[in-house]
Each structure stands twice: as structure tokens, then as C-alpha cells.
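Worksheet: the structure to be examined is printed underneath.
The values are calculated or read from the model by the stated rules, or taken from the named source; none is laboratory data. Since the structure is predicted, the reported quantities are computational estimates derived from the model, not experimental observations. Note: ideal-geometry Cβ built from the backbone for every residue, glycine included; neighbour counts use all protein chains shown.
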Amino acid sequence: MNTPLHLWLIPLLPLLGFALNSILGRGLPKWLVTTIGLLAPLGALTVVLNAARSLVGLGAGLPALPYVEACPNPWIALGSLRIDFALALDQLSLVMLLVVTGVGFLIHVYSAGYMKDDPGYARYFSYLNLFLFFMTTLVLGGNLLLMFVGWEGVGLASYLLIGFWFNKKSAADAGKKAFIVNRIGDFGFLIGIFLLLSNFGTLSFANLGALVAANPGWTGGVLTIICICLFIGATGKSAQLPLYIWLPDAMEGPTPVSALIHAATMVTAGVYMIARTHFLFDRSPLALLVVAIIGAATALFAATMGMAQNDIKRVLAYSTISQLGYMFLACGVAAYSGAIFHLMTHAFFKALLFLGAGSVIHAMGGEQDMRKMGGLRKKLPVTFWTMTAAVFAIAGFPPFAGFFSKDAILYYAYLHGAGGKILYGVGLLTALLTSFYMFRLWYMTFFGEIRSHDAHPHESPWSMLGPLSILAVLSICGGWIGIERFGAYLAPATGKLAESASSSHLELILSIVAVLVALEGLLIADKYYRRSPERPAKVAAAMPGVYNLVANKYYVDEFYGAVVVKPLLGISKYLLGWVVDIGIAGGAAWLLAGIANFGGAILQRWQSGNIRSYAAWLAAGAAVVLLFAFLQPVLFPASVPLVHFNLLLGGR
Amino acid sequence: MNAFNPIILTLILLTPLVGAVLVALLPDRAKIPNWIALLTSLVTLLFTLHLPAHFAWGQQQGFQFEINRIWIESPAIFYHVGIDSLSLWLVVLTGILAPVGVLASWNAIQSRPKVFYSFFLLQQTAIVGVFISLDLMLYYGFWELSLVPMAVLIAMYGRKDGSKAALKFFLFTFIPSAPLLVAILWLYTRTHTFNFADLQFEIAAGLIPAGLLFWVALAFLFAFAVKVPVFPLHGWLSDTFAEAPVALAMIVAGKMGLYSLLRFHVGLFPVQARQIAPLMIALAVIGILYGACLALVQKNFFRLIAFGTVSHGSLVILAIYGLTKMGWTASIFQILSIGIVEGVVLTILGGLYNRYKTAEIDSYGGAATKLPRAATIFVLAALTSIGLPLLSGFIGEFLILSTTFSQVSRWWAIVAAVSVILSAAYMLWLVQRLFFGPEGKLTASTSVRDLSFGEFIAVAPLVALMLILGVSPTPLLDSIQSGLHPPSAQIKQVIQIPINPQTVVAPEAKR
């Protein structure tokens, strides 16, 4: 007898938390707001952990995966279209849920400390719970449209939380920008949904998967277009080229939000979506190639930008974009479980990095510029040590978590045919840059002497340090499971990984190369930022062109502004607003006025404000009609006998 | 059979009229007109709720709550009213929006409330009349009647240049009705009837020569398209929104024109509608993008909403002229959703105007600091209007675009879908400039109170509806589609109806 898992509780508990805190929150005492805000994710986490018992061999009595819970009434049913409220749990969504609710809960706890003095405390927790509601819906959605609900919903939560301090213009701007850029991606996603609906008539993952599996001949063609459309959606949500521009600005939000939404969970939704629909991508080598190229290009491009940022959160933002590029690279070489593996470890160490950065910013009284930091190692020992674990993890040193997942991605890229070597090369170069800019951050923040005189750094409270410590443990141990076991577990949901064609020597050699590269990055950073801190400025001065280009983020925002936004507004205002609207609409008004002039006297009187002349208008209209009616036999002889007009006139 | 059933439509029609007369007769002080108008509109709402409660859902064909009494012997004009699933919810929506309009005007209308509320209630009667009339002459009467209170009230209560906007409104909507009248009368000369069902039958049966029918259909289309408005006939809307009291702006655009297109253009002239559908689809898609682009650059928030309305209305046009059953169902759903959202948006914006006395967007900024509740509700409405899932706007938008994509035209659907980006841009930009950012000079220096109890009560049910229809749209979709018949099926069904001896055309006329 299988016990039901009550998956519906996972999204609905956070929704309840949102409802309570948003409607009543302002009147409730702070401890109650905190309790509601924390119980919601804790409850969801409990349900997830219950479902995850099978992972540790306690799965007796649990239903087999994939497991579906559906509401008996459909959400939308019209004609042949039927979309259910169906939640589906399989290995993939289980892993994702563990990350989302687990890391999510830790960040909720951290937030209770970080935001404790904010006047919008209840509003903050309600938004955070709302985010969890949509994120778990996204993960659990059994069909693409329900996933889209979550997809748009996390965008909304992100919009609200980026613009949380809405009186700050930059924050409100950033929230709006995030939403609109995401909408561009969503446009692609929607077209993909329309294509799937018109070609397959269903959006349920299970049905789609079965349909594709039953037709081995379906490759390329419309599937390629569908996959590219879905991938456009992913580039928006997961901040890939060319739609990554919103993520750095999203750092305007509170730091725990950056950790939860803009690093650990929401931005990885694109990767999750591709893994979820991998059976479509598997049939389109071209689409996979596009995914791999965009992923690799984004990884490298964002890493170069990360090297020249001085705002601690922006460095992390670019590094997030870059790491997401790795995940797409893995998807592009069909190593979906590799992508999810990196997604998981990244969630640990990147959440930790952001929360650590938040602790630093908290300690520095709101300062985010690394040039004003330094020497915080002794003042903030717990923050320092936990962040160190995260920095080593993201740089790819064994035995930290990031090493295993990044190594797996590079390995499968290398195995992936001829083009794979190029992808591998780009990935390796990115690894070097990553290691460099992360140790740059590490040195600039924690080593040397403090460079700001009015700061009095102090360690954060334990509500913040607790989550840091747990995440540090996960950043160290999170990868020990290894890609083979992880991939084998996920195989029913994401397909098998490519068999290693050559000997295990290759794997070892590639690992050693990766570690050496990470070490090189550390050494360069050490040379420039610890031993001779005056050198970076000299290097920058030596090549001002390149430095300015990178420091100004390649002027991409400016480019979009000049090529998309300004022309759109200009065309709307001048061409459409002045030429067309005044031309056509105004012209129509003139035309009508001209017709009206036909009864000019009446019009004049009407203009003088005499509304009663309306009656005269009606009379004039009726006269025209009667004239027409009488003339009709002349115009259209014999078509209608005249007697009928007598009827019209009231005589018989 | 409920005792009310035979007279319920008449009650819905006459209650606002009685209220209008009462308002006109009773003294003009101490908010008496306001209270009577509110009471009347609430009673009317109660009556309209009778309709879905007693509607025979299983019945696929024909009209319900029907009354058909002769009114004028010759020409044969009947008091013929009735509803089907097409008009049912529109009548209910009109019922819901009336009290909202009264509450939204509560503080806005300071001078001569008596005039305002009696015309407002008269307008209500006219609109309900448009939705329930099944006799073309009766319909035309209500159609024309609906213009008068609107023009008068815009002229009297305009914000800056009311009389100019009223003139424009009048020219745009009255002149196209003249050909409509001619066309209706011409149909009468051929068929001796104004009865909708009879006309539908005779046209479908080919009893009227097709050559002239094209022009007749065009006259119908033209009059309705101006009212929607369809690009490029939208010239009046922006001025009307800028000047009209919000209670009237809520009802002027969209529903009447869109309903009339469905019932009296596509419904009466399916062949002609099919001929002109490609043009309408093209105009619809242009209108969707054009309205959104112009909304982006408006400086006055009422004008911004006007162009947003053009964009949204055009989406419904796209669904109507796709000529599919799913599209039609979605179009009615979307008309309802737009009506609800605009009710909220205009109530809040009207409230802002009352507080700050300007509609210039740039004068605002940071209004959320003092008006957190207004900001929250406005954001929710904005999200509905840009089609966020689990809110009502998404359902209509998704169904229309997806149906157009799979059953009508991929490319037009793709181009139309660009509006999901543009609508987010103009609405969120509006939200930001009004409510977010640091407080501007105006918002900082004016002392205001957050939503009043009346305003809150006005929008709360609409907000609830946005959520309910977004989460559980299926019952409404089911109820709409139960009585809809796509044009191809319609022609067949009409022919199957046994010929009613009274409507047989004189043999000479058949030539």
C-alpha cells in the first residue's frame, strides 16, 4: 500500500505563508511574521524530505517514481485543449526540490537576521514565500503550461524583490528591466508551447515523452524550431547571451534574494527546463549545438566581465552567469545529469558566496565596493572561513563540491566529438578566469589592510552564520557522490550519460589539468592582489582600451539602448504617434468632420454646445435613409416592389 | 420555471431607467443622487445574477428569457429581447461594473451629481439594451441611445477640453451609425423583418442577393469597428479616455462593439465575414502592436490606458475573425477579463486624479509610499492586464494566441505574441513612474489618504474575479462555449430550422 506523498502541500504551504503575511503582516508582531515566513518553507521541506527517504534507503511504502498527483478538475479545458493542475515527481524534480526547499529554507533563516530592521519585514517574507510557491510549481509542474505558470511567477517574485526598496530609482528600474527582458525570453517560450500544442496536441511531459519515444523517426525539423524557441525562454530566465543583461542589475535587491533567486534557484530554471524536455533536445543535434555554443560563449564572456568589477555582488552576478553557461554547455553535449549536478553544487557554493557577501556588506554597514574592504579575515572569522570553502569550491579545487561537477562537465564536453574539444578549451579557459576573479575577490575582501576608515566591521548574528556554516559543509561535501552515481540515479528522468569511450586515464589527466588551471588562477590572483596590490592599476593603465571595454561590460547595455529601446520609443513617438496617428486617425476625424459639414448649420449649432440638435441629426439621418429607400426602385429597378416602402412609412 | 424568468430581462433593462428618473426628480443634495444610483445599480446587479442562476445550460440552441411582443405594427418593430451564452456574461459584467462606476465617481463628481447619475443610469439601460435586443430596430435604438449620455457627460465633466473630446466622440460614433441604420432599413425592405433569427435564416438561405449584402455587411462592420475601436478607426478613444469620467471610460470601449461584431456581423453575415476576415486579422495584429507602441510613449495615464485598450481590443478582434469556436469562446472570456481589469485600473487612476489633480505621469513618482494599498491593487491589475498566469488576463491571451497559431495563422499569431513583451513594458513602466522611485515634488507635497472604503469596496470584487477566473476559468469557458456555433456549423443549423410561415418572403422579393 503506497502512501500518498501530498505533493500539493509543497507549493501551497508557501502560498499560505504569502497570503497570511501579505494580508495581515503589517498588523502582526515580528516574531509571528518570522514564524509564518519560516514555517512555510520548513513545511515544504519536510514534505520533500519525506518523499526523498528513498534516497537513503528508507523508501519502503513510498510510491514509485515518476509519481503524479493531479487535481480532478482541469485548469483549462476548451475544445481539444486540456491543461491539468498536475504535479509530477521524478528523480529530476526530487533533486531540484531538495535544492530549492533546502537552500530556500536556509536563506529564509538567514533573512530573518539580515532584514530584521527593515520596515518592510512582513512584505519581504511574503514575497519570499511567494517565490517559493512559484518555484516549486515550476519544478513540480507536470505539463509545460504549469511550468510556465511557475516560470512567469518566479519572474514576478523576482520583479517584486529586486524592486523591494521601491523608493530607490535604481532598484525599481532593475526590477522592471528584469521582468521585461525575461518577457522577451518568454515570448520564445510561448511560441514553443504553441508549436508543441499544434503539433502534438498535448503539453504534458509524460505524453510528449511517450509520443516522441514512439516515433524514433522524428528528428530535426519542427523539433529543432521548438527546442530553439524553448531555449530562447531559457536564455531569458537563466541570463544567457544575449539576454543576460538583467542579472547584474538585479543585484539591487536585498542580498539574500540575490542568493536565493539570482544564484541558487530561479536562474537555474532554464537548465531545469531543458533537462525536463531533454527528449525533445535529444532529437535535434542542431538545437543542442546552439545550446552548447551559447552556453560556452556566455561562460567565457561573463567570466571576462567578472574580472573587472569592483562591486562584490556584481562579481558574483557575472560569475553566476558564467556558471550557468557551464550548465548549458553540459546540456548542449547531452550530459543533462552533469548539468543538474553542477546546478546542485553551484546552488550550495553560490548561495554561500552571496550570503557571505551579505554578511560582509552587513558588517561594512552597507558598503559593497571591494576597494574599500580588505583585512576582514580577522574581524569576520566565520564569514571568512565559510566563504573560503565556497571560493575553493567554485574555483574547482578538490575535494570541494565544485571540482566534481565542473570536472564532469569538462569531461563530457571533451568526449563530445570533434567540436567537443573546442567547447572543452573554452570551458578550461573559463575555469582559469573563474579561479582568478574569485581569488581576487577573496584577497580584496579578506586580506591586506582595511581600506575604509569609517567602517567598524563586526561579525553577523548566528541566524546568519548558521546557514553559512551548513552551506559551507554542503559546498565541501556536496560533490562527493560523484557524477557516475548521480548520473545513474537521474538516468530514468534525464537519460543516460555517454559511456566513457576511452580509459579512465583520460578522466584522471583531465582532472589534473583542471586543478592545475585552478591553481594558476589562484597564483595570478595572489601575485596581483596580495603580493603587489599596486600592479592591477598599472596593468589597467597599460591597456586602457581593453580595460575600459571590459570594465564597462563591453557597452552591451548601451548597445541595446541605442539599437532597441531608443528606436522603439522613437518610432512609437514620432512615426506612429505623430505621422500615423495624426495622419490616419486625425485624417479620419477630418473626413468625418467633412461629412458632418454636409449639415454645416446643424454642426455649428452643435458646436455651440446645443446638445439637443442631436435630434436634428437623427432626423437628417432618417431623411437620408428615406431618400435612399425611395430612390432605390430607380437605382435598382424591379428588385423590390414599392409597396414595401409603404410599410416602412407606416401606411398599409 | 422560475416566475421571474419571463420578465427578468425587462427588469434589468428598466431598473436603471427608473433609477435615472428618480435621481432626476429627487433633490440634488446630501449625496442623494449618489445613494440612489448606488442602490439602483446594486439592485440591477442582483437582477443580472438571476440570469446565470436560472440559465438552462443544457440548451444548445436559441435564446433564453426571451420576450417577443409587438411594439409597432408597421414597420414591424418588436420588443424582442433574449440572451444566449454569448450575451449572458456581458449583461452580468455590465451589472457588476455599474456599482463600481458609481463608487469610482463618488468623490470625483462634485458638481451637479444629479445630471451625472441620471445620465449614467440611462447609459446603463442603453448598454444592457444593446446586449439583449434581438430586434434590429430595437437594437439600433439602444445603440444610438448609448451615445447620448456619453457625449453629454464627456462635454460636461471633461477634465480639460471636454467639449472637443465630446465632439470627436460624437462624430466618430454617430456618423458611422448612419450607414448602419441605412443597412438595417434596407434589410427590412427585403425581408420585412427586424427579427435577428429570421434575418439570420434568410441571409443564410441565400434569399437576399449577395452583391448588395456585401455592402450591408460592410456598413454593419464599419459602425461596430469604430466602436471597438479597430485600427485605424481609433481616433476618438484617446481623447475620450483623457476627458471622460472614469465610470464612463470603463464601459465605452470594447464590449459593445466587440459583442455587436460577434452577434450582428459575423453572426448575420458569416459569408461576408469570412471574406473580410483576412483584412480584419491584419488590422487586428497591427492594432495590437500599434496600441502597445503608442501606450509606451503616452504622457497622460488615461491616454496610455486608451491605447492599451486598443491593443487588447484588437486581440479580441483577432480571435473573432479567426472564426473558430475556441477563438470565440476565448474572445468572450477576454472581453470579460478586460472589462474587469479596466474597472480596477480606471478606478485607481481616477482616484489618483482626484487626489493629485493631474494625469501627467511624469508629475508622479513614489506614490506607493503614501498609497500602499492603491499601489498593490494597481500592480495586481497591471499584472492581470499583461497576462500573468493564474490571473484572468493570461487565460484569454493564451487561448487566443494559441488558437490563432494552431487553427488560423502561425505568422500572425507570432507577430501578435510580441505584445506580451510590449504590454509588460508599458504597464510596468507606468507602475514604476506612478508608484515607485523616490517621491516626486507633487507626491511629496500633497497630503493624501490611501484608498477610501468606497474605492476599496468597488475594486475588491473585481480583484477577486481576476484571481478566480485565472485559477479556475473552465466553468466560465464551458458556459460560454455551450451556446456558441462557429460560422460553418451555423450555416447548416440555420438551414435545418423549419421555415416559419410568418417570415416567408413575398415571392416577388426573391428575385
Quiz item: free of Cβ contacts under 8 Å to residues at least 40 places away in the same chain and buried (at least 24 other Cβ atoms within 10 Å of the Cβ), is that true of B:GLY393?
Solution: no
Quiz item: A:LEU353 fails exactly one of the following numbered conditions: (1) assigned to a helix (DSSP H, G or I); (2) without any contact (Cβ under 8 Å) to a residue 60 or more places away in the chain; (3) more than 16 Å from the chain's Cα centre (by Cα). What is the number of that condition?
Solution: (2)
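Taking the condition of being in contact (Cβ under 8 Å) with a residue 40 or more places away in the chain and surrounded by 15 or more Cβ atoms within 10 Å (Cβ to Cβ), how many residues in the stretch B:5-20 meet it?
If we filter the stretch B:5-20 for residues that are in contact (Cβ under 8 Å) with a residue 40 or more places away in the chain, which is where we start, we get B:5-10, B:12-14, B:16-17, B:19-20.
Narrowing the set further to residues that are surrounded by 15 or more Cβ atoms within 10 Å (Cβ to Cβ) leaves B:5, B:8-10, B:12-14, B:16-17, B:19-20.
So the answer is 11.
Here is a yes/no grid of residues against (1) at pLDDT below 85; (2) more than 30 Å from A:PHE105 (Cβ to Cβ):
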residue: A:ILE470; (1), (2): no, no
residue: A:VAL473; (1), (2): no, no
residue: A:GLY487; (1), (2): no, no
residue: A:ALA493; (1), (2): no, no
residue: A:ALA501; (1), (2): yes, yes
residue: A:LEU510; (1), (2): no, yes
Quiz item: From the residues in the stretch B:171-227 that are of a type in the set (S, T, N, Q) and in contact (Cβ under 8 Å) with a residue 60 or more places away in the chain, which one is farthest from the other protein chains (Cβ to nearest Cβ)?
Solution: B:GLN200
Quiz prompt | From the options A:LEU161, A:LEU197, A:LEU208, residue that is more than 9 Å from chain B (Cβ to nearest Cβ), closer than 27 Å to A:PRO492 by Cβ and not charged (D, E, K, R) | solution = A:LEU208
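Taking the stretch A:441-453, which residues are touching a residue at least 60 places away in the same chain (Cβ under 8 Å) and on the phi < 0 side of the Ramachandran plot? Before you say what the answer is, go through the steps one by one.
Step one: list which residues in the stretch A:441-453 are touching a residue at least 60 places away in the same chain (Cβ under 8 Å), which gives A:441-452.
Result: A:LEU441, A:TRP442, A:TYR443, A:MET444, A:THR445, A:PHE446, A:PHE447, A:GLU449, A:ILE450, A:ARG451, A:SER452.
Does A:ALA601 meet the test of being part of a helix (DSSP H, G or I), facing chain B (nearest Cβ under 10 Å) and modelled with pLDDT under 70?
So A:ALA601 does not fit the description; no.
Under the condition of being of a type outside the set (A, V, I, L, M, F, W, C) and closer than 25 Å to B:GLY267 by Cβ, which residue from the stretch B:207-255 is surrounded by the fewest Cβ atoms within 10 Å (Cβ to Cβ)?
Taking the stretch B:207-255 first, the residues of a type outside the set (A, V, I, L, M, F, W, C) are B:209, B:211, B:227, B:229, B:232, B:234-235, B:238-240, B:243, B:245, B:254-255.
If we keep only those that are closer than 25 Å to B:GLY267 by Cβ as well, we get B:209, B:211, B:227, B:229, B:232, B:234, B:254-255.
Numbers: B:PRO209: 13, B:GLY211: 8, B:LYS227: 30, B:PRO229: 28, B:PRO232: 18, B:HIS234: 28, B:GLY254: 23, B:LYS255: 27.
Applying the filter and picking the extreme gives B:GLY211.
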Quiz item: Taking the condition modelled with pLDDT under 90, within 28 Å of A:LEU160 (Cβ to Cβ) and buried (at least 24 other Cβ atoms within 10 Å of the Cβ), does B:GLY365 pass?
Solution: yes
Quiz item: How many of the residues making up the stretch A:1-34 are surrounded by fewer than 16 Cβ atoms within 10 Å (Cβ to Cβ) and among the polar types (S, T, N, Q)?
Solution: 2
Quiz item: Looking only at helices (runs of 4 or more DSSP H) that fall completely inside the stretch B:129-200, which ones have 2 or more residues that are modelled with pLDDT of 90 or more?
Solution: B:136-157, B:177-191
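Filter the stretch B:318-345 for residues that are assigned to a helix (DSSP H, G or I) and small (Gly, Ala, Ser); which is farthest from B:SER479 (Cα to Cα)?
Only one residue fits best here, namely B:GLY343.
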Quiz item: How many of the residues in the stretch B:234-275 are touching a His at 6+ places or on another chain (Cβ under 9 Å) and in a helix (DSSP H, G or I)?
Solution: 2
Practice problem: Sort through B:GLY308, B:GLY287, B:GLY313 and tell me the only one that's surrounded by 24 or more Cβ atoms within 10 Å (Cβ to Cβ) and touching a His at 6+ places or on another chain (Cβ under 8 Å). | Solution: B:GLY287
Self-check item: Exclusive hit being within 11 Å of another protein chain (Cβ to nearest Cβ), modelled with pLDDT under 90 and either touching a Ser or Thr at 6+ places or on another chain (Cβ under 7 Å) or assigned to a helix (DSSP H, G or I) (or both), set B:GLU397, B:GLU439
Solution: B:GLU439
Practice problem: Confirm whether A:ALA214 is crowded, with 24+ Cβ neighbours inside 10 Å and under 30 Å from B:ILE414 (Cβ atoms). | Solution: no
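Hey, can you tell me all the residues within the stretch B:406-420 that are facing chain A (nearest Cβ under 10 Å), part of a helix (DSSP H, G or I) and under 25 Å from the mean Cα position of the chain (by Cα)? Full working, then the answer.
So the first thing to find is which residues in the stretch B:406-420 are facing chain A (nearest Cβ under 10 Å), and the list is B:406-407, B:410, B:413-414, B:417-420.
Filter once more, keeping what is part of a helix (DSSP H, G or I): B:406-407, B:410, B:413-414, B:417, B:419-420.
The answer is B:ALA413, B:ALA417, B:SER419, B:VAL420.
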